[in-house]
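Each remark here refers to the structure printed beneath this line.
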There are 2 protein chains.
Amino acid sequence: MAHRQDQQRRASIHDVASRAGVSAATVSKVMAGVTTVKPENAQRVLDAIEQLGYRVDPLASDMRRAKRRIIGAIMPEFESEFFGQMVSQLESLAEQRGYTLVAASSRESEARETEILARMHDWRVAGVVLAPVRNEHGPAAAFMKTNGMTGVLIDRVLSDDAFDTVSADSAAASAEVARQLIGKGHRHILVVGLGEQAATVRARLDGFRATALELAPDVRIDVVLAETDVEPLRAQLRHYFAKGERPTAVYSLFLKGTLVALSEFRRRGWHCPNDISLVGFDDAEWMQVTWPAIAAVVQPVRQIASHAMEALFARIEGEAGPPTARLEPCQVLMRESVGSPANGSGTRQ
Amino acid sequence: MAHRQDQQRRASIHDVASRAGVSAATVSKVMAGVTTVKPENAQRVLDAIEQLGYRVDPLASDMRRAKRRIIGAIMPEFESEFFGQMVSQLESLAEQRGYTLVAASSRESEARETEILARMHDWRVAGVVLAPVRNEHGPAAAFMKTNGMTGVLIDRVLSDDAFDTVSADSAAASAEVARQLIGKGHRHILVVGLGEQAATVRARLDGFRATALELAPDVRIDVVLAETDVEPLRAQLRHYFAKGERPTAVYSLFLKGTLVALSEFRRRGWHCPNDISLVGFDDAEWMQVTWPAIAAVVQPVRQIASHAMEALFARIEGEAGPPTARLEPCQVLMRESVGSPANGSGTRQ
DNA sequence: CAACTGCGAAAAATCGATTTACTCGTTTCT
DNA sequence: AGAAACGAGTAAATCGATTTTTCGCAGTTG
């Protein structure tokens, strides 16, 4: 009955060799495309491979190699559109070069970040794309340095003295947001953010503040920052509004903050842009289909991914030289959620 | 200058052995926790490991093993919240059992699905969690069967004769949606969907239609289905409305369809729920913070993930018996985007 | 005292492919 | 003609751990 004896060992190079009547070394050469094999023998090997359904065992094959054709990717999370697209892009770029991408999520923990890195080191990955939880100065980057790993840092980084970095030009984008909000007449703006330690959050905040103050020295900029979690941010924001503060615009430095802001507006019955304006860093597909459409800074995911991979492969192929720090320009989409404060800022429409 | 000689070969088991003055076999035993080692020697080995910073090379270690402690996961895409959460959950569950998750995206292609599967087979993964692009009858599942792989199918599947399956109870959820829409008085409903071949799409459509017709035999149900891409769906939907069709409610069978429907409503200046009602399969975080909040069917991601992993590990550990087919109950959140058609169905508010 | 039992550890085989070194013939060059 | 070069192929070493086998030695047993 049970034809469950199909646990037949998969064909090894020796099986192919004996079936083709040659040695294992010859089979290996045929697979490697070496020309010093008699065409006749090569054909017999090819036939044997075909018949046995032979596939090279990557474990054995990679054993003697110092590096495998594997790229590791470590993202802070997988749930957001941004990192989802990033992983997808990276995977596709890696595959184009014949590499396999192995992705892992640090789940916003620096400890996990280093553990994963150690595991990838054990796996002898050729290189790593690390999107650190905080910034380029964490233990993960240090681990990579001490272990001589090849890698690129992306997203929440500015520049590093050991690794190439690629990230969105947060400061420039924030400056542009400031320019537009000030231009529309806003003079009391609330900035909300998460993760003070993240390199990009500081860049966004500073870029925004500098430009806003330059264009309108009388502008009032309030800041509500929470350290790591979203819920504390929500609480702080609620408290801020409860005090009676009434900014005419809110600029959220990251996606979850935009959601928190929107939900607080809901609680209070405020509508955009009549009661308050809203811009968020990070775009999402849904933002253009809602009433109103939500203004957002679009991060250039594809550019970041492709430049990161370019830099990484250059290093893998041995390129020397000082590390580069790339900043990719963002696009600011001022959608319906932003208006002029004049429209009415006190009562509901 | 260049202190770049740090490419020092990492310590092998033999380095540890010679430093501890024992043989490699003894080191291996100490690491494996075998008790037949003199405590004194064990200590020397431990010290040597400590001093050399020795870590087992997984490549060499796994070489002789038939299976590695690796679980493969293949998702149709990484960009959506649903699959992002799914991968995250699976990764965390795998790690809890000491396994590493290797995730890959088939990018909605059955050909890629099989390629990835072949690669994972080469890697000797202990098991695979496959979320097939279409359904359980594709080439990927067949590949798994012929190669005797261990696996679980999730999401776009109903049941299979070789593998355990876990998915959301689409039919029941759709029936509930039908119940509520009919209950609110809707008698002309448009259902939009993508991927006729996907097991779940059919289940959702049939579940909805059966219940709606049972409760209100006079209900008119229109269906707009596109095969694979979103843009054709958008075109079809636009054409449908251009004909002058005016359903009072739209039920989208998947997330992207909900976005397409919303953007078409925008084009025409229709607001929910006054001009038209909308419910979508698949919830997303933003749906509760928009005006109006969008009604949605929430898939039980955590349950699906954990039951899938439970089933998978049971099989890995040798559990026999016929495959099981689990359906996890969904939650239907009727939010503001759904109202009664009476509210006004012709002109803008 | 020879034979047996066990323990602890070393030696050797194994996993599957790659690579180096080496063996024969054949050409080619001087 | 003799040396060097080359073509085609094989045996063996190698990668780093695990597992099986073997071995020495101490303590028992008959």
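The values are calculated or read from the model by the stated rules, or taken from the named source; none is laboratory data. Every value quoted in this text rests on a predicted model; they were computed, and no experiment measured them. Note that each Cβ is placed from the backbone with ideal geometry, even for glycine, and that neighbours are counted across all protein chains shown.
Structure above, values below:
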{"read-out": "Count of residues meeting criterion [aliphatic (A, V, I, L, M) and in a helix (DSSP H, G or I)] in region A:189-216", "value": "8"}
{"read-out": "Of all residues in region A:64-74 being surrounded by 15 or more Cβ atoms within 10 Å (Cβ to Cβ) and of a type outside the set (Lys, Arg), the one that is nearest to DNA strand C (Cβ to nearest atom)", "value": "A:ILE70"}
{"read-out": "Residues of region A:89-112 satisfying the condition of being part of a helix (DSSP H, G or I) and in contact with a strand residue (DSSP E or B) (Cβ under 9 Å, 6 or more places away or on another chain)", "value": "A:LEU90, A:GLU91, A:SER92, A:LEU93, A:ALA94, A:GLU95, A:ARG112"}
{"read-out": "Test: residue in region A:237-254 that is surrounded by fewer than 19 Cβ atoms within 10 Å (Cβ to Cβ) and either among the polar types (S, T, N, Q) or in the same structural domain as A:LYS145 (by TED's automatic domain parsing) (or both)", "value": "no"}
{"read-out": "Of residues in region B:16-33 being within 41 Å of the chain's Cα centre (by Cα) and not aliphatic (A, V, I, L, M), the one farthest from DNA strand D (Cβ to nearest atom)", "value": "B:GLY33"}
{"read-out": "Some residue of region A:167-184 being in contact with a strand residue (DSSP E or B) (Cβ under 9 Å, 6 or more places away or on another chain) and under 26 Å from A:GLU95 (Cα atoms)", "value": "yes"}
{"read-out": "Cβ pairs under 9 Å, 6+ apart, first in region B:42-64 and within 14 Å of another protein chain (Cβ to nearest Cβ) and more than 28 Å from B:VAL125 (Cβ to Cβ), second within 15 Å of DNA strand C (Cβ to nearest atom) and part of a loop (DSSP other than H, G, I, E, B)", "value": "none"}
{"read-out": "Number of positions in region A:89-99 that are within 17 Å of the chain's Cα centre (by Cα), surrounded by 20 or more Cβ atoms within 10 Å (Cβ to Cβ) and free of Cβ contacts under 8 Å to residues at least 60 places away in the same chain", "value": "1"}
{"read-out": "Filter result for B:ALA216 (within 27 Å of B:THR290 (Cβ to Cβ) and among the hydrophobic types (A, V, I, L, M, F, W, C))", "value": "no"}
{"read-out": "Which numbered condition A:ALA140 fails, given (1) at pLDDT 95 or above; (2) more than 21 Å from A:ARG315 (Cα to Cα); (3) away from chain B (no Cβ under 14 Å)", "value": "(2)"}
{"read-out": "B:THR36 being within 15 Å of DNA strand D (Cβ to nearest atom) and polar (S, T, N, Q)", "value": "yes"}
{"read-out": "Count of residues meeting criterion [crowded, with 18+ Cβ neighbours inside 10 Å, within 8 Å of DNA strand C (Cβ to nearest atom) and part of a helix (DSSP H, G or I)] in region B:12-25", "value": "1"}
{"read-out": "Qualifying positions in region B:26-45 - farther than 27 Å from A:LEU59 by Cα and more than 13 Å from DNA strand C (Cβ to nearest atom)", "value": "none"}
{"read-out": "Restricting region A:108-125 to residues that are buried (at least 22 other Cβ atoms within 10 Å of the Cβ) and more than 12 Å from chain B (Cβ to nearest Cβ), the residue that is nearest to B:ARG112 (Cα to Cα)", "value": "A:LEU117"}
{"read-out": "Selected residue (only one of A:VAL166, A:VAL157 is in contact with a His (Cβ under 7 Å, 6 or more places away or on another chain) and buried (at least 20 other Cβ atoms within 10 Å of the Cβ))", "value": "A:VAL166"}
{"read-out": "Unique match (being β-branched (Val, Ile, Thr), in contact (Cβ under 8 Å) with a residue 60 or more places away in the chain and either within 7 Å of DNA strand D (Cβ to nearest atom) or more than 10 Å from chain A (Cβ to nearest Cβ) (or both)) among B:ILE13, B:ILE71", "value": "B:ILE71"}
{"read-out": "Of the criteria (1) surrounded by 15 or more Cβ atoms within 10 Å (Cβ to Cβ); (2) more than 11 Å from chain A (Cβ to nearest Cβ); (3) in contact (Cβ under 8 Å) with a residue 24 or more places away in the chain, which one B:VAL37 fails", "value": "(3)"}
{"read-out": "Any pair with Cβ under 6 angstrom, 6 or more apart, that starts in region A:265-281 at a residue that is at negative phi and ends at one that is of a type in the set (Ser, Thr, Tyr)", "value": "A:CYS272/A:SER337; A:PRO273/A:SER337; A:LEU278/A:SER337; A:VAL279/A:TYR251; A:GLY280/A:SER252; A:GLY280/A:THR258"}
{"read-out": "Any hit, region B:92-107, residues being facing chain A (nearest Cβ under 8 Å) and touching a Pro at 6+ places or on another chain (Cβ under 8 Å)", "value": "yes"}
{"read-out": "Which numbered condition A:PHE83 misses (of (1) surrounded by fewer than 24 Cβ atoms within 10 Å (Cβ to Cβ); (2) facing another protein chain (nearest Cβ under 7 Å))", "value": "(2)"}
{"read-out": "Matching entry among B:GLU77, B:GLU50 (being away from DNA strand D (no atom under 12 Å from the Cβ), under 43 Å from the mean Cα position of the chain (by Cα) and in a loop (DSSP other than H, G, I, E, B))", "value": "B:GLU77"}
{"read-out": "Failed item in (1) of a type in the set (Lys, Arg); (2) in the same structural domain as B:VAL260 (by TED's automatic domain parsing); (3) at pLDDT below 95, with B:ARG187 passing the rest", "value": "(3)"}
